[in-house]
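Take this structure first; my questions come after.
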Amino acid sequence: MAKEQAFARTGVIAAIATGLVDAAIGIVRLSGKESWELVGPCLATSPKAPSPRRTYRTTFVDPRTAELMDEVLVVFYAEGRSFTGERMVEVFGHGGVANLTSILGKLIEQGARQALPGEFSQRAFLNGRIDLTKALAIKAMAQSGNPFALIQARKRLGGEFSARLDAARGTLVGSIVDIEGEIELEEGTLEESSLSNLLLGVVESLETLTKGPKGLAGEFRIVIVGAPNAGKSSLFNALLGKERSIVTPTPGTTRDFLEASLRLGPYEVLLIDTAGLSNSPSDPVERLGVEKTHELLREASFVIHLVDVTSKKAAFEALEGKAVGRLVVGSKKDLLWSPELPRDSFDLFVSAKSGEGMDALKKLLTGRLEQLEALSKEEVFALGGFEQESLRHAIGHVLRAIDGLKKGMALEAVSQELLDAVSCIDRISGKILDFELMEGLFATFCVGK
Ligand SMILES: Nc1nc2c(ncn2[C@@H]2O[C@H](COP(=O)(O)OP(=O)(O)OP(=O)(O)O)[C@@H](O)[C@H]2O)c(=O)[nH]1
Ligand SMILES: [Mg+2]
């Protein structure tokens with residue numbers, strides 16, 4: 001996305017704010033100084049000076065031919081009292097996708113520009129209406145596909161995450177003020193041990209924030225891994241209840257990964273079939289597949305490690321990644337068991353062929369999701385990658401400050417570490433603008449949000 005386009009704050013932007021599926025009602029929204037004037041010619045009747053937040057019932061017409069396009073409700077929002085902080089208009093029409101698209105098209109003909117993904121939220125942020133954590137909460141509310149993700153989104157929306165950050169920031173700023181006072185006045189009143197304890201408290205509370213497991217943020221990714229020919233694709237198909245992935249007796253059948261969404265009770269998860277983990281793939285395509293599998297493992301919320309029970313030796317190597325859980329599952333239960341395998345190392349046995357053990361596996365996975373939902377209600381937060389990283393840096397700075405106090409480091413240097421920690425926190429809330437980061441974040445929003 002071009003930077004100048006993403007951050008152009010001028011002009012009227014417009015988008016369909018509701019989903020692109022036929023529905024009873026749909027909303028086209030506009031934001032920008034001239035929004036009302038721009039919509040005006042498309043409305044059969046409209047006051048010159050609309051009352052903010054009042055609904056006007058009218059017809060939406062083609063301004064050139066006066067032809068009726070839809071019967072609509074229109075709402076005007078005044079500057080400073082809208083989502084983006086700018087003047088906004090929302091047109092509530094009948095929710096057919098074709099209808100809303102043609103209304104939007106007419107507004108674009110009138111001079112509006114199709115909004116980029118997340119551009120409304122971006123304007124709200126740039127106009128100081130919301131901070132970055134709130135913007136991400138709004139995104140999460142619009143996109144949360146799972147009950148536990150929704151809990152997380154609501155916690156953020158309610159400002160719990162921001163409040164935690166603010167509390168830590170407050171303590172850090174207070175400490176900086178004390179240290180700077182000591183540097184200035186040299187009164188010798190700075191109690192280094194109590195300051196250290198205070199800062200340790202900050203480290204602890206920031207660390208709690210980083211402890212949320214992967215998967216809480218929304219997409220719960222279950223990755224099936226194992227040696228070539230373990231039966232991964234067969235299990236993938238059996239769980240989905242359809243033949244999605246190719247199955248053959250030849251090892252190395254799956255070259256690239258495949259993903260499909262799977263419903264487990266109230267939860268929607270992403271199930272991923274991967275290329276077999278072979279230690280020394282000779283074929284370059286297979287090698288790329290194995291690399292990809294390792295990458296998927298790092299992003300996994302949950303890992304099913306599949307082991308063919310008929311094989312003489314099975315690899316139980318610890319898999320890298322920070323998944324919330326891992327199950328070692330024995331496949332091909334219907335076949336003859338290899339006596340050399342340690343039975344105790346398995347959590348469960350299944351047969352994709354006979355269907356045996358499949359219900360138990362689904363039950364186990366659903367149980368894991370229920371645990372995650374319970375965890376979501378507790379103290380943990382689902383953090384984005386940049387938030388994790390910034391918090392880690394902040395913790396590092398505070399720890400160096402504590403160490404410095406102990407070792408008698410110059411107070412100026414201690415103060416600087418704490419200032420750096422504050423900057424890391426401010427990066428998360430968006431008080432410090434990082435344009436590249438922000439551009440990337442907002443681009444992941446939906447259009448119209
Ligand atoms: N009897 C029996 N055979 C199975 C079962 N699951 C898989 N197989 C067979 O094992 C072979 C390999 O199955 P796949 O599902 O392709 O295995 P994979 O792990 O995806 O293999 P790669 O993609 O090559 O790594 C096929 O011949 C399957 O029919 C099972 O539960 N019982
Ligand atoms: Mg396969």
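The values are calculated or read from the model by the stated rules, or taken from the named source; none is laboratory data. If you're wondering where the values come from, they're calculated on a predicted model, not measured in any experiment. Using ideal geometry, Cβ is built from the backbone for each residue, glycine included, and neighbour counts are taken over all protein chains shown.
Can you tell me which residue in segment 274-311 is surrounded by the most Cβ atoms within 10 Å (Cβ to Cβ), limited to those that are of a type in the set (D, E, K, R) and under 23 Å from Glu370 (Cα atoms)?
Glu299
For residues that are of a type in the set (Val, Ile, Thr) and under 19 Å from Ile138 (Cα atoms), scanning just segment 14-41, find the one that is modelled with the lowest pLDDT.
Filtering first and then ranking leaves Thr18.
Listed here are the residues, each with its yes/no results for (1) within 24 Å of Glu389 (Cα to Cα); (2) within 12 Å of ligand 1 (Cβ to nearest atom); (3) β-branched (Val, Ile, Thr); (4) buried (at least 19 other Cβ atoms within 10 Å of the Cβ).
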residue: Leu209; (1), (2), (3), (4): yes, no, no, yes
residue: Pro213; (1), (2), (3), (4): yes, no, no, no
residue: Ala217; (1), (2), (3), (4): yes, no, no, yes
residue: Val223; (1), (2), (3), (4): no, no, yes, yes
residue: Gly231; (1), (2), (3), (4): no, yes, no, yes
residue: Leu235; (1), (2), (3), (4): no, yes, no, yes
residue: Ala238; (1), (2), (3), (4): no, yes, no, yes
residue: Arg244; (1), (2), (3), (4): no, yes, no, no
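So, one more: Here are some residues: Ala112, Ala135, Ala140. Which one is among the hydrophobic types (A, V, I, L, M, F, W, C) and more than 15 Å from the chain's Cα centre (by Cα)?
Ala112
Can I ask one more? For the list (1) surrounded by 14 or more Cβ atoms within 10 Å (Cβ to Cβ); (2) within 14 Å of ligand 1 (Cβ to nearest atom); (3) part of a loop (DSSP other than H, G, I, E, B); (4) at pLDDT below 90, I need the number of the one condition that Ser351 fails.
(4)
Now a separate question. Could you go through segment 255-276 and let me know if any residue there is within 13 Å of ligand 1 (Cβ to nearest atom), touching a Lys or Arg at 6+ places or on another chain (Cβ under 7 Å), of a type in the set (Phe, Trp, Tyr) and closer than 25 Å to Lys333 by Cα.
Within segment 255-276, one or more residues are within 13 Å of ligand 1 (Cβ to nearest atom), touching a Lys or Arg at 6+ places or on another chain (Cβ under 7 Å), of a type in the set (Phe, Trp, Tyr) and closer than 25 Å to Lys333 by Cα.
Among the residues of segment 331-346, is any of a type in the set (A, V, I, L, M) and outside any loop (DSSP other than H, G, I, E, B)?
No, segment 331-346 contains no residue that is of a type in the set (A, V, I, L, M) and outside any loop (DSSP other than H, G, I, E, B).
Within segment 205-259, which residues are at pLDDT 90 or above and on the phi > 0 side of the Ramachandran plot?
Gly226, Asn229, Gly231, Gly241
When segment 306-324 is examined, which residues are found to be at pLDDT below 80 and outside any loop (DSSP other than H, G, I, E, B)?
Residues satisfying the conditions do not exist here.
Here's a check for you: in segment 48-93, which residue that is over 30 Å from Lys134 (Cβ atoms) and among the basic types (Lys, Arg) is surrounded by the fewest Cβ atoms within 10 Å (Cβ to Cβ)?
Among those residues, the one meeting the criterion is Lys48.
Another question, then. Looking only at segment 392-446, count how many residues are of a type in the set (Gly, Ala, Ser), surrounded by fewer than 16 Cβ atoms within 10 Å (Cβ to Cβ) and closer than 23 Å to Gly181 by Cβ.
Going through segment 392-446 one residue at a time, the tally reaches 4.
What pairs come up if the first residue lies in segment 324-336 and is assigned by TED's automatic domain parsing to the domain that holds His305, the second is modelled with pLDDT of 90 or more and of a type in the set (Phe, Trp, Tyr), and their beta carbons are under 6 Å apart, counting only those six or more places apart or on different chains?
Matching pairs, first to second residue: Gly330/Phe349; Lys333/Phe349.
Let me ask another. Scan segment 196-205 and tell me whether some residue there is of a type outside the set (Val, Ile, Thr), more than 16 Å from ligand 1 (Cβ to nearest atom) and closer than 30 Å to Arg326 by Cβ.
Yes - at least one qualifying residue is present in segment 196-205.
Moving on to the next point. Looking at segment 346-369, can you tell me whether even one residue there is in the same structural domain as Leu198 (by TED's automatic domain parsing) and polar (S, T, N, Q)?
No, every residue in segment 346-369 fails to be in the same structural domain as Leu198 (by TED's automatic domain parsing) and polar (S, T, N, Q).
Going by the structure shown, is Gly96 loosely packed, with under 14 Cβ neighbours inside 10 Å, more than 24 Å from Ile428 (Cα to Cα), of a type outside the set (Phe, Trp, Tyr) and in contact (Cβ under 8 Å) with a residue 40 or more places away in the chain?
For Gly96, the condition - loosely packed, with under 14 Cβ neighbours inside 10 Å, more than 24 Å from Ile428 (Cα to Cα), of a type outside the set (Phe, Trp, Tyr) and in contact (Cβ under 8 Å) with a residue 40 or more places away in the chain - is not met.
If we keep just the residues of segment 364-391 that are surrounded by fewer than 20 Cβ atoms within 10 Å (Cβ to Cβ) and among the polar types (S, T, N, Q), which is modelled with the lowest pLDDT?
The extreme case among them is Gln371.
Just wondering, is there one or more residues in segment 147-155 that are in contact (Cβ under 8 Å) with a residue 24 or more places away in the chain, among the aliphatic types (A, V, I, L, M) and in contact with a Gly (Cβ under 6 Å, 6 or more places away or on another chain)?
Yes, segment 147-155 contains at least one residue that is in contact (Cβ under 8 Å) with a residue 24 or more places away in the chain, among the aliphatic types (A, V, I, L, M) and in contact with a Gly (Cβ under 6 Å, 6 or more places away or on another chain).
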